[in-house]
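Take a look at the structure below.
The values are calculated or read from the model by the stated rules, or taken from the named source; none is laboratory data. All of these numbers come straight from a predicted model, not from anything done at the bench. Cβ: placed from backbone, ideal geometry, glycine included. Neighbour counts: every protein chain shown.
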Amino acid sequence: MSQRALLEVEKRLVAKSENRTVREFDRCLLLNEHESDVLRARAAVPAKRVVTIPPLINPPAAVARKFRGQQQFLFLGLLSRPFGGRLVGRVGILRASFLASAAGTAALAVATPFPLAIAGAVVVGLAAGLPFAPAFAGAARVRPDAPGAAIGFVNLIAAVTILVGTPLLGLSFSLPGDGRIGFAIAAGVVALIPLVVTRRAAA
């Protein structure tokens with residue numbers, strides 16, 4: 001299946017989920033009036049169901065981008081997630097997956113030669129998906145009295161990491177090294193994660 005086909009499938013799934021959400025809840029909040037209009041029309045709901053809240057921060061001035069490369073998408077992390085379910089309780093393999101992710105991230109920090117960067121991205125994609133299922137299963141096991149809250153907390157950590165870490169990594173491209181500093185720091189952080197992986201949490 002081509003990248004375009006995968007993205008089209010994801011686009012339809014996202015639109016379906018958005019339509020279902022706006023129909024189930026009395027009010028949904030968006031930041032962009034145009035997107036609100038599109039959602040109202042697509043989901044065929046009253047205008048009061050979708051409300052636009054203007055952002056509190058003025059948008060920054062547009063920055064001219066001159067990207068001449070070809071967009072690439074990696075879905076390897078999604079492909080390896082189901083296999084992570086077989087690793088529940090296997091602490092050694094889980095720790096090894098984090099170390100592999102750290103090694104792949106370090107390869108992205110080096111980034112030369114180009115095949116090394118590709119290999120690093122593949123390793124990160126495959127290794128990053130493996131701890132997904134054990135993380136949620138372990139959270140529910142650690143807090144059997146509130147498994148839903150535990151799983152939600154794990155998901156919150158992942159969301160905050162993405163929201164905070166991604167801009168910081170992007171910011172490192174404005175520093176000397178063209179992002180190598182950011183990838184090097186990320187590799188060091190990931191390399192420390194095996195130290196906190198316990199048998200109880202991974203069981």
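Of note:
- Test for Ala117: is it within 21 Å of Gly188 (Cβ to Cβ) and surrounded by 20 or more Cβ atoms within 10 Å (Cβ to Cβ): no
- Phe67 modelled with pLDDT under 75, under 25 Å from Arg180 (Cβ atoms) and within 19 Å of the chain's Cα centre (by Cα): no
- Considering the conditions (1) exposed (fewer than 14 other Cβ atoms within 10 Å of the Cβ); (2) modelled with pLDDT of 85 or more; (3) not acidic (Asp, Glu), Ala184 is excluded by exactly one of them, (1).
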